[in-house]
Every structure is written in C-alpha cells, then in structure tokens.
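Notes follow the structure.
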Ligand SMILES: Cc1cc2nc3c(=O)[nH]c(=O)nc-3n(C[C@H](O)[C@H](O)[C@H](O)COP(=O)(O)O)c2cc1C
Ligand code: SF4
Ligand code: FES
C-alpha cells in the first residue's frame, strides 16, 4: 500500500496454482468462475444473499494462516489468498456433501422433469461415489403438492437449499413459503390453505437446483435434451431478457436471462407463462373478412369469415385507392418490433401520406414526457444513497422486474424511496417515505416537496409528512420514476409534478409506458408529428424525403381526435395495428362508435379482441416468438427479439404485411428483412447513430439510446388548482392488476383463472363510515353515470379514495370517467343496492 | 480449602431467591459499588478478574466486552439461559435459587458497557425458573434495581424475561439471537465471529451465559484482583460442575478452578462420592455431550481449561457424566449421537443428513442388523462431517453441533471397538436393506 | 375460540410493546396461545401473524422449529420423560417402557380419557436427579415405577394441584410498572446512553 489514495480494486490470488487478478472483495466462488474454475454449489445464487448452508462449495483456502476448509460462497477474496479447489481434502469434503444430499433424495431421475439439467444429477455423475452406502429408509413426504395454481412442490426431492424461500422473502417480499419443522424433518411448505400467491412464483421453479419445484405448464412436456433455445427479449416495457425454449416447433418454456442491466434473471408469472397464449387454439391463423368467405370477400356481410391474403388485402387496397390521406388513420403498433413499427410508419407517413398515426391508446404519458426528459437507466437509479421518487402506480402489479430491482435497491443498496403513489404498494414497506396524494393533487404535493414551502396540508398530505419527505430531496442524486398511475387522473397534474421536480439540480427521470414497445413506437415515428429516429415532421422531412415520397404536409390528430374523426364518419380506412381501443381506450363508447363509423377497419392482430371482432378485415400477425427484430425498453435500451418457432397458419410478421400493402399500392418499401429496416433507419436516425444491426446481439444488456432533448419536454405553464374532495364523495383511482382481462392473460391456460372479479376497494375507516357489509353491491355514481359493484375492504387505499382495477370481470370503472376532468369524484350509495 | 462460594452462596438459603433474602445476604452491593464507579472502571474490574465464559467456549468475558465497536448504538445484552447440553445442570439452579444475583449481574453489565436493553432468554422448559425470575424482576422493578433511573441515577435499563420453546441449538449464541428475533433458531454465518459487532437486530450485542453473569456482582463488589486470586492463573475463580451418572452422590458443586481434579470431584466424599455399587470407572464425559470422553488415566487432570484442552477434551459446560463398567458403550454412544441428530437445526447438509445417518447406522447395529462394514462407514461419515476426526474438530458446518456428534463415536470406537463388533457378530441378518427411493407417482 | 381471547390479546399487546421489533414477541405469543388452547391452532397462528405483522407461514416456520409448541392435541398432562445421557445411564428406558404399559398408550398417543400423553425427550437439566421427568414442565426427580404410578393416580384424582394443565408455562409473569419502564431500545435510536455521556466512557 505505497499510495493510500490510489484505490486498490484488484487483488491477485492463486487459484489451483494459477495466479489470477480479480476484483477486490469479490466472492470467491464468483472469482473462481470468472477465472474459469467452476465450483459446485446449490444454495449460492448471485442475485440473493448468501446463506452458506448446502456446504457444497467448500474448498481449501489459505489466507496466510494455514489452509482451512471454507465455503467459497461465503468468502471474499483477499490479496495473496491461495485456493485449492482440486485438493484431495476438497474433493473428499465435496464428495461427502454430495453423498449426504443424495441420502434422502429419490433416485427418480428418469421421470423427473429436471433430469438432464439437474446440478445434483450432474455433480453425482461427475464426482459422486458410484454406489449408495445408504441402506436405510429415505425420508418420505406426500408426492407433488400444488403450492399455487402453477407450481408443484415435491418435498422428497428438495435439498433444502433455501433458494425458493429466500426468493419469496427477500427478492419479492412474499414470505408465503417457509422452512417448516426442524433438522432432518425440515420441509418447505406453505401455511395450510394459504397458497404461495405470488406474482413471481415461476422464478422459484427456475432457480430450484433440483426437480422439487415444477411448473404446471412444463411438467412432463419435454426432456431438457430435446429442447432448443434462443436468447431473446420479452416485449414488455422493461424489455426483460429471456431464453425461449422449444421442442418440435412448440415453445415449452420461457426462462429469465440474467442481464445485469435489466431483469437479473427474474420474470413475472404473467410474462413467464404467457407463451401459452401464442400457441393457443384462439390464435388467428388466416385472414378474416366480413361477409362472403374464402376468395369471395365482400364488405357488408354479417360475420367474420376466413379468407385468403389476396382476398383480404384487396379489400384493404381498394379502400386506399385514391383516398384522401386525411381520411386514413393508424392506431396502435406498441406491441410490434422496432422494425415492424418502422415499416408501418413508412407505409402510413411515407406512402399514404397521413400523419394520423398514434401508438398511444389514450393511457400513456404524452410523447414529450416520454422523450423529452433527461432519462436514467435502472442501474443508475439503484446506486447507493440515491433518492428515488415514485410517481407511479403499484410497480409490483405492472412492472414486475423493476419492482424487484427497486426493492433490492432499497433493502440492500441503501437507496431511499420516496413513494407518492395513489395507494400503498408492494414497495411501501421498504420505502423511506410512503405518501398517497389524492388523485389530481400530485402536482401541488410535488411543488411543496421540492420547494420546501410547506403548507399545513396539501392533497391529503400533512405538512409534517411533506417536510420529512423534503429532506430526502436534498440529495444531489434524485431520480423520478413516473407513469400514468391511474386513468382516473389526467396527465396535467403529472406534468405539473414533473415541472416541479425539474427545479431540482440534476434530477433525472424514468418515465414508464403501459404497452411493451411504446418507446420503440415513438422512436419509429408512430406518433403525430414524429418521424423515425426522433426527427420531427417539420424538421425531419428533409431527412426522409428522398425515400419517403409522400410525406404528410401537416401534423396529424392524436388518438382521441382520430377516434372522434372516425366516429364522425371522417375516416375511410382505419388501421388497428395490434390495438384494441374498445378494451383499452378510456372512453369505451367513443372507441366503439369510431370503429362502427369508420369506412374500412383493418385489424392486424393475433387474436379476435373486442375491436378485432368489429373490424372489416383482419390480418393475422406473427408474435414475438415468431419474428426477428428488436425492442426498445423504457430506458431506451435496444435488445434483440429472435424467432424461435414458426407462426401459425399463414400469419406473418407485421413488417411484411406493411410492405405488401405498399407493394399492392405500387410502392416498394425496400424492406425484405428486418435488417433492411435497421440499415435504413439508422442511416437517417438522429439518435441511433451508426448502431449496426448485429451490434447488440451478443450483449445481454443490449444497446442504450441515450440522446434526449431533441423532442423537448413541455413544462406546464399554469398549475392546476387544488380541489379537495368533499366529505360525501370519494376520489376515484383506477388501477391495473397483473392479471386482468387482457388478451394474453386470458389466452394463457395457466393465467386465465388468476384474474379476479371487479370490486370497489376502500379502507376500513371509510367502510365503517358507510355502514355497509363487505361483499354487498353498491351503486357508485359520478355525475350522471353509474355502475354497481361489490365492496371490499383494502387498507392500502387511503381515506377518501376508492380503488377499482380496470379490465376485470364485472363493473367497468371507465364508465365513471368524465371527459375533461383532471380527477373523478364518486359517491357511494349504500342504500341503493343494485 | 477456604475459598468463598461465589455463585452458589445462597443455594442453601430458604428465601435466597426473594429480594428480602437477597438483600439480607449482601445482595445488590455490587450494583451500588458499580454506580459509584465509572462504566469503564467496572469493565476494567471484569478484565482484571480474567473471568472465563461459562457457557462452553470459555472465552474471557472482559475481552469479549471489548469487541463492542465504539459509537454504534443501541447495544444489547442477551443472557444465555438456554442450558440444554446433556449433563449440564447449573444455570437452572442459578436461575431458580438466586435470580437476583443474575439480574444484578445483568444490570451491572449494562451499566459498564452502555447496553440499553437486556433480554434474559430462559429455556422454555424451565417453568419454575421463569416464575422465579419473573418474581424477582417484579420485585426489583418496584424497588428500583431495574428499569428507569436505577437507584435514583440517570442509568436506565429494562431487563426483559424471554421464554425459549425447546431447541438445544438455540443455545448457540447466534441461533439464540435469531430465536429472540422471532425466527427459527438457526445459527448465523460467521464471520462476524462475535455478535459483539453485529448481533440482535443487526446491532452490537453481548451474549453471556447465566453463570458468567452471576459472577459479576461478586467481582465488582470484591474487585477483579480478589477474583483472579482464586483458581488457576488462566482459569480464575470457581466453577459449578454437575456430576451425574453412575456415582454414589450425584450433585452440583461449586469448586475452585485448577486446584480441584476430576478425581476429587468424582471420587471425593464431599462431592460425588465415588462410583456406585463398588463398580469401576469405564469412562466419563468431562464437559457435556460434545466433549470427547476421558478415562481412568485422566482422573488426575485438574479442572483447568488449558490443561483439559491439551489433554484432548474440554471442560465445556461443566457437565461431568460418569459411566461405570456396566455401561453398554454402544448404547451410550447411540444415545449421545441421537441427541445431536434430533437437535440439528437442519441448516448445514453434513449435520442435517450426517448426524441422522450416524444415528440410523447405530440404531441398526443395536437392533441386530449391523454389518461389519458399518464400523468403517461410521468413521467415514464422521470424517465427512468433521474431516480428520480431530480435536478440536474441523468443521464442514456453520456451528459445532454437527461435528459434536463425532466425538462420542470416535471416543467409543477408539477404546471399545470390540463392543460394536460384538453386536455385529450377533446380527440376525446382515442385509436388512430397505432400499427405497424411486418414483412413487 | 382459538384466536386469542380478549384478556390474552391485552397481554399479547403488552408483550409486544416490550420489544424493539414486534416479531421478537412471536415465541412468547405462541406460548400464550398454547396456554389458552392447550395447543397452537392455525387460527391462533394467523392471529399472531396479524399482531406481529408477518405472514402465517412465517409464524408456522418459527412455531414448528420448537419442540414445546404442539400443533396436535396432547394430554391434559404431557409427560416428558428424559432420556438424555445421564438419565439413560440410570434407567430412562425402563421408565419409558413402564409409562407405556402403565398408561396403556404408546409414545405420542393420548390416553382415552384425554388426560395423559408421554414422550421421551432430550436432557431437561436435572441430570443429577436421574431418572427424571416433567409433567407440563414441572419436574419430578428420581422416579421409579411405583412413584410413576402414584404420580399418575394423583394427577388423575386431581390431588396434585400444583401442576397446571398443559400449556401453562409460568404462573408468574413479568410485569413492568408503567412508571418504572425504561422502554425498549429502538433500533433506529442511535444515540449514546445518557449515563455513558455523563461518565465520559472512552
Ligand atoms: C451447539 C451449541 C450449544 C450451546 N448451548 C449453550 C447453552 O445452552 N448455554 C450457554 O450458555 N451457551 C451455550 N453455547 C455457547 C454459546 O454459543 C456462547 O458461547 C455462550 O453463550 C457465550 O457465553 P459465555 O461467554 O458467557 O460463555 C452453545 C454453543 C453451541 C455451539
Ligand atoms: S452444524 Fe447443524 S446445528 Fe449447526 S448450524 Fe449447521 S445444521 Fe444447524
Ligand atoms: S453454495 Fe456455498 S454453501 Fe451452498
């Protein structure tokens, strides 16, 4: 240590006789791995705390005081350490542990789902003693028991490594599985009649080192050696990295891929088990047209019937012949790959010449918020001592792996979370501050928090609470995560809040989106006024004019206006690109009337959604498991989507459909592969630079698009007045659950039943005030609109607020929305029982 | 011998457990004295006394107290009253017969170290002990010996009586802390080696045994130097031993460290009175079930930590279990192994599986299904739990419980292998094999 | 009624308040539940989970680790016969055998009248009094067959009243008078104790 100011971040250690340089303080088992020396382990998992209990990773270590046996998962490397992973003693001890583990482990590898990919089996083959010396009776438990709808537990196979239990408690905060009993009788189990109701239960199947935990969707389906796999991306807002595994052109399993930047190997159950939807019998596998039938397509007939591509496309192109560009509109596109998004934008804006193109379905933050704020990555958020402000809904419901990362940051990385969510959330108990401003008031609360001009009370938050939270904002590293927390609240108060936070020095943001590739859609120009690569229509036309012949002259309408125009009979052709406005747009009746009154409605989709059902032409598209391309997550991170199986029937990639329509109209998009798109797009993009197509292919962290500022954030000029809730009313929160009536959930056998029925949730205090019984139906009114719904007590909901989750069976809270309001007050009538 | 009784002086006094009886016999003088001194002076006295921990490991209390990191607060005191090591019987008597002495020791310790809450963890099965401590605490609170503003000073500390619920492993100090936090009593990983740095609720914590703390009032009242004069140089003071098994007058005795020998204790008239029925000594366990066994030739070893350690065993928890020549060594061995197998917490594979396997093999041998290869198997399993089967044991486990099961087997086989062979030679069937496993679906 | 009753709920709240963290009260509360019902029921565990803010599974995890908590009925008098090494050397197995024949049930079973159950347990810290046993955690030292039978008779005829029914842990509870309590040392409270400040330790 000649120079104490010089930071020593590497040490040299001797591993099996080789001197290697490793990161100081690294865990020995990891250090060995990076040096190419594999040490067997069962309990160690690098994304969880160390418990050092299986004792499999014991090696001989000498730190200068003579050699001793040490679990390598518990040791940190230090300078000069000598490690022997191959010594006779090491071998003897490891063999011993392996033999101990096998004593009570059934020898049912041939029928075990894990057989072929089981570390215990592998270790035994590699090192284990050939025959058993254990002639006694093995431990017995009832064979596989379900611990929830999707996961089975076989306690006889369990080697008590504490991975699943640790995951449940430590990683996701659902300690519903536990070690029970003691010593040699220890077992993992749930409390009687209290299943492992976790949104993340599939992860325990993935990390179980033996076949003790199995997923219903995979049990007995395949042997590991029959599986082929490919690394890809789940097209959700976070772009969780996945491994897609298939056999005989059937996807059998999705596993989380450990990307340092994003999901650390974890997945939510919604994503993990959703692959079933894409191969369900309900998948569209040929074009549909309204009326005449195969090859005799004609508009105006009653139901949708199967057609040919030629037939279906001729209806589409007919409707586009000589059409006024102002009477063509495109909605959706946020579930597509970047490449398909580009192709559709090119068709719309470059060929048809319309700018009525919007990927937003009325529930996203405005494009200037998503693109205009200084953005931060998840990993930047999670640096020690940061303050993270959550202007969001419950991340556990909607952004599973971000929830996991932030929970870890708060618990283990010394990050302070200041939560400003409408209700208590899955992160409340790890947050430094958890406040729940009244919907509509978040802007005023944020202003007080930032300025420290502290009122007695604002938006349901006391001055004292604000003062406490204000302290955390004095940090030089404040990050704000923001989303459209409730469609019951307009975006105005959110923009007010962001405007306030922008007053803080260096404050950076992570705006979240609802639909998987909304970020990509914006970057590919699927928004009025935008062209690909964050070029605007006004400034970017010159960039594209040589290859996009018919660029629109003026900025197009936004989603609401498009729907309004359609409803008013001003749209001749309406494209729904994987969009279902009837289910998703806040004003359901407007969406319905738009689709009914538009000329020709062309849906490009995977399933017959309510909006598809009302369309005139339906073109079946390929899913993300069936195409190549790329995805852009909320950070602006681009990662590859790779085809693993073939699309059903005649369905085809979205980009190909766009290309074909253009061709039939006499234009060549010059797109024959996704790579063509990529090359064209990057040659014109202001932000994608010279990022080559295969560039990010082999990096699990993908490639980050960092440039911001080209599309400026538009701060609010005038702040919304505070509007307290009167004592007879309650303020409405419309939430989103992980499992709802969304198409993918409903089409996946494993997930379908997990969606609950619609309920109005209020806290105990308000419940008693109303004097009603839990489970009874009440009449809920807002102005002249009303719904009837059952009431449930939920103490996560603050006083004077009522929470209803959207898109569940039963009452639809969208019925209560009132055009133009920034927040919605409802009345609950306990006497009128509908 | 005119050494004073330090910890057991009130055992013969009818009302020694009451506040009145305690005060009458000089109780709480140590606390008064302590409050006249500065906290560090009190700590200094304990260091001077060289008081060794009485819970088993024999680590010097004064030094352990010094491991508290400066300026991390709050700090806690946890009293280990979980006494469950087979053969050990002293903490319960200290708890039942002189609870105030223990409480006084706790309060003084908190004063000396700035510990702001004390948890007195008493083994769950000791209902009477719990009652006595509760009673004593209630009296002490009323009279201001515990709680807020102790004896009118600014010094305040609560002593909370906490109940165990039956698990030997909870005696291990980090498991004790887990248990006190409401968790399964599974030992924590080392390092840190002492909870003094990270203990209860992640805060600095001193864990001491009941007997250790019962010495504190005397030390503070009479001075560390006076204490250090008693006993041997490195094993100061007195120590309570329970002598049980095949002796004429089993009992619990406070004796001076170092000067007394095993022979004195086991054979002496004023102590255990010799082997019962005129039988002869076969073996004895010198310090609780985990300790390797001693024999005839070890009788003259003095009761002194370092000497016993050097002879290949330990004084441990002051539990001497005597076996005469009628003892069935295989059964005795099985008994001790069964204990560790039943009490394994289940965390470490070698302990959870290994101790249980050892028990099953011994079971089989006793039931007439032994095989000749079982003896080597026993030794090899031992070797896999504690490589080299040496003393002190090498561990493949987090805590020493698993390796403790190795001592009785190694001891019994070393000297009485023929008794195992005898069982095996009488075996009715050499292959009782119950090979199960395979699919049950 | 196997959730905690009102009186016990009050005691439970008091117990919880003595600890810096609620979960620390888990074992004492399980004892309380067992005292009320003679065993620990699922309902009681659920109730305790609510009181200390953990999941029922966590309560079960802790509860099932400790031998004293019975999740299945035991006799009104649960007899724990020590078979630790010292008692073993002095005939514990004989006592166990005798108990079986005298009570007419096997280890772990309950007599027909619901009064008795017994089991062999590890060392109960009365080694010099071997062979010994506990009835509902009250010691009976140096027992032989006759004394065992006498004990059973006395319990059956309810003449041995000092032994309470199963579950009762201690007849005396710690009571901290409100004005004498120093209060729990909260984990977040990180200041140096006042008496050290005054006495300038270090
Ligand atoms: C398996 C095991 C069981 C133990 N049981 C006890 C016990 O019952 N009582 C006790 O005081 N110490 C016991 N100890 C020792 C404690 O871990 C710890 O060393 C002791 O409480 C420290 O107190 P002392 O320094 O005052 O001796 C046990 C240790 C182990 C490894
Ligand atoms: S050695 Fe045994 S008792 Fe000790 S921690 Fe490991 S499993 Fe638990
Ligand atoms: S991997 Fe190190 S002990 Fe399990």
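The values are calculated or read from the model by the stated rules, or taken from the named source; none is laboratory data. None of these values were measured; they are calculated from a predicted model. Glycine gets a Cβ as well: all are built from the backbone with ideal geometry, and neighbour counts include every protein chain shown.
For region C:1-89, please list each of the helices (runs of 4 or more DSSP H) lying entirely inside it that holds at least 1 residues being within 12 Å of another protein chain (Cβ to nearest Cβ) and more than 30 Å from residue B:323 (Cα to Cα).
Counting at least 1 such residues, we get C:6-17, C:26-37, C:42-52, C:56-63.
If we scan region B:385-401, do we find a residue that is more than 10 Å from ligand 2 (Cβ to nearest atom), within 11 Å of another protein chain (Cβ to nearest Cβ) and in a helix (DSSP H, G or I)?
No: zero hits.
Output the residues belonging to region A:53-68 that are at positive phi and either more than 6 Å from ligand 3 (Cβ to nearest atom) or surrounded by fewer than 24 Cβ atoms within 10 Å (Cβ to Cβ) (or both).
Result: A:64, A:66.
Where residues in region C:145-174 are free of Cβ contacts under 8 Å to residues at least 12 places away in the same chain, exposed (fewer than 13 other Cβ atoms within 10 Å of the Cβ) and assigned to a loop (DSSP other than H, G, I, E, B), which of them is nearest to the other protein chains (Cβ to nearest Cβ)?
C:161
Determine which single condition residue B:315 fails, assuming it passes every other condition in (1) more than 16 Å from ligand 3 (Cβ to nearest atom); (2) facing another protein chain (nearest Cβ under 9 Å); (3) touching a strand residue (DSSP E or B) at 6+ places or on another chain (Cβ under 8 Å); (4) part of a loop (DSSP other than H, G, I, E, B).
Going through the list (1) more than 16 Å from ligand 3 (Cβ to nearest atom); (2) facing another protein chain (nearest Cβ under 9 Å); (3) touching a strand residue (DSSP E or B) at 6+ places or on another chain (Cβ under 8 Å); (4) part of a loop (DSSP other than H, G, I, E, B), residue B:315 breaks only (2).
Identify the single condition in (1) farther than 22 Å from residue C:88 by Cβ; (2) more than 10 Å from every other protein chain (Cβ to nearest Cβ); (3) buried (at least 24 other Cβ atoms within 10 Å of the Cβ) that residue B:372 does not satisfy, given that it satisfies every other one.
With (1) farther than 22 Å from residue C:88 by Cβ; (2) more than 10 Å from every other protein chain (Cβ to nearest Cβ); (3) buried (at least 24 other Cβ atoms within 10 Å of the Cβ) applied to residue B:372, the lone miss is (3).
Confirm whether residue A:48 is within 13 Å of ligand 3 (Cβ to nearest atom) and either facing chain B (nearest Cβ under 10 Å) or out of contact with any helix residue (DSSP H, G or I) (no Cβ under 8 Å at 6 or more places or on another chain) (or both).
Taking the combined requirement at face value, the residue does not satisfy it.
Out of all the residues in region B:182-208, which are at the interface with another protein chain (Cβ under 10 Å from one of its Cβ atoms) and away from ligand 2 (no atom under 16 Å from the Cβ)?
B:182, B:200, B:201, B:202, B:203 - these are the residues of region B:182-208 that are at the interface with another protein chain (Cβ under 10 Å from one of its Cβ atoms) and away from ligand 2 (no atom under 16 Å from the Cβ).
With the requirement that a residue be within 12 Å of chain C (Cβ to nearest Cβ) and more than 25 Å from the chain's Cα centre (by Cα), what does region A:137-179 give you?
Passing the criteria: A:162, A:178, A:179.
Just wondering, is there one or more residues in region B:394-401 that are more than 16 Å from ligand 1 (Cβ to nearest atom) and either at pLDDT 95 or above or surrounded by 15 or more Cβ atoms within 10 Å (Cβ to Cβ) (or both)?
Taking every residue of region B:394-401 in turn, none turns out to be more than 16 Å from ligand 1 (Cβ to nearest atom) and either at pLDDT 95 or above or surrounded by 15 or more Cβ atoms within 10 Å (Cβ to Cβ) (or both).
Rundown of residues vs (1) at pLDDT 95 or above; (2) surrounded by 21 or more Cβ atoms within 10 Å (Cβ to Cβ); (3) within 16 Å of ligand 1 (Cβ to nearest atom), yes/no style:
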residue	(1), (2), (3)
B:285	yes, yes, yes
B:295	yes, no, no
B:298	yes, no, no
B:313	yes, yes, yes
B:325	yes, no, no
B:334	yes, yes, no
B:341	yes, yes, yes
B:348	yes, yes, yes
B:354	yes, yes, yes
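Within 16 Å of ligand 2 (Cβ to nearest atom), in contact with a helix residue (DSSP H, G or I) (Cβ under 6 Å, 6 or more places away or on another chain) and part of a helix (DSSP H, G or I): which single residue out of B:358, B:362 fits that description?
B:358 is the lone residue from the list that is within 16 Å of ligand 2 (Cβ to nearest atom), in contact with a helix residue (DSSP H, G or I) (Cβ under 6 Å, 6 or more places away or on another chain) and part of a helix (DSSP H, G or I).
Is it the case, given these coordinates, that residue C:124 is within 11 Å of chain B (Cβ to nearest Cβ) and closer than 17 Å to residue C:74 by Cβ?
So residue C:124 fits the description; yes.
Please give the number of the condition residue B:161 fails out of (1) within 7 Å of chain C (Cβ to nearest Cβ); (2) within 22 Å of residue C:194 (Cβ to Cβ); (3) in a strand (DSSP E or B).
Unmet condition: (2).
So that you can scan it fast, the table gives a plain yes or no per residue for (1) within 16 Å of ligand 3 (Cβ to nearest atom); (2) surrounded by fewer than 22 Cβ atoms within 10 Å (Cβ to Cβ):
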| position | (1), (2) |
| --- | --- |
| B:165 | no, no |
| B:182 | no, no |
| B:187 | yes, no |
| B:202 | no, yes |
| B:211 | no, no |
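Looking at region B:375-393, which of the residues that are within 16 Å of ligand 1 (Cβ to nearest atom) and over 22 Å from residue A:56 (Cβ atoms) is surrounded by the fewest Cβ atoms within 10 Å (Cβ to Cβ)?
The residue in question is B:392.
In region B:318-339, what count of residues is obtained for those that are within 14 Å of chain A (Cβ to nearest Cβ) and farther than 15 Å from residue B:88 by Cα?
2
Quick one: count up the residues across region B:150-186 that are farther than 22 Å from residue C:71 by Cβ and within 11 Å of ligand 1 (Cβ to nearest atom).
6
With touching a strand residue (DSSP E or B) at 6+ places or on another chain (Cβ under 9 Å), within 12 Å of ligand 3 (Cβ to nearest atom) and either more than 13 Å from chain B (Cβ to nearest Cβ) or under 27 Å from residue A:214 (Cα atoms) (or both) as the only criterion, which of A:77, A:93, A:97 stands out?
A:97
Quick one: which helices (runs of 4 or more DSSP H) sit completely within region A:573-632 and have at least 2 residues that are more than 21 Å from the chain's Cα centre (by Cα)?
A:588-597, A:610-613
Output the residues belonging to region B:272-285 that are more than 11 Å from chain C (Cβ to nearest Cβ), part of a loop (DSSP other than H, G, I, E, B) and touching a helix residue (DSSP H, G or I) at 6+ places or on another chain (Cβ under 6 Å).
Scanning region B:272-285 gives a single hit, B:274.
Can you say whether residue B:35 is at negative phi, touching a residue at least 12 places away in the same chain (Cβ under 8 Å) and either within 16 Å of ligand 1 (Cβ to nearest atom) or outside the structural domain of residue B:150 (by TED's automatic domain parsing) (or both), as far as the supplied structure shows?
Considered against the rule, which asks whether it is at negative phi, touching a residue at least 12 places away in the same chain (Cβ under 8 Å) and either within 16 Å of ligand 1 (Cβ to nearest atom) or outside the structural domain of residue B:150 (by TED's automatic domain parsing) (or both), residue B:35 comes out as no.
Could we say that residue B:86 is within 16 Å of ligand 1 (Cβ to nearest atom), in the same structural domain as residue B:177 (by TED's automatic domain parsing) and either modelled with pLDDT of 95 or more or not in a helix (DSSP H, G or I) (or both) here?
Considered against the rule, which asks whether it is within 16 Å of ligand 1 (Cβ to nearest atom), in the same structural domain as residue B:177 (by TED's automatic domain parsing) and either modelled with pLDDT of 95 or more or not in a helix (DSSP H, G or I) (or both), residue B:86 comes out as yes.
If we scan region A:216-227, do we find a residue that is more than 23 Å from residue A:103 (Cβ to Cβ) and within 14 Å of chain C (Cβ to nearest Cβ)?
For region A:216-227, residues more than 23 Å from residue A:103 (Cβ to Cβ) and within 14 Å of chain C (Cβ to nearest Cβ): absent.
Here is a list: B:87, B:81, B:144, B:105. Which entry is buried (at least 24 other Cβ atoms within 10 Å of the Cβ) and either within 16 Å of ligand 3 (Cβ to nearest atom) or at the interface with chain C (Cβ under 9 Å from one of its Cβ atoms) (or both)?
Of the residues listed, the single one that is buried (at least 24 other Cβ atoms within 10 Å of the Cβ) and either within 16 Å of ligand 3 (Cβ to nearest atom) or at the interface with chain C (Cβ under 9 Å from one of its Cβ atoms) (or both) is B:87.
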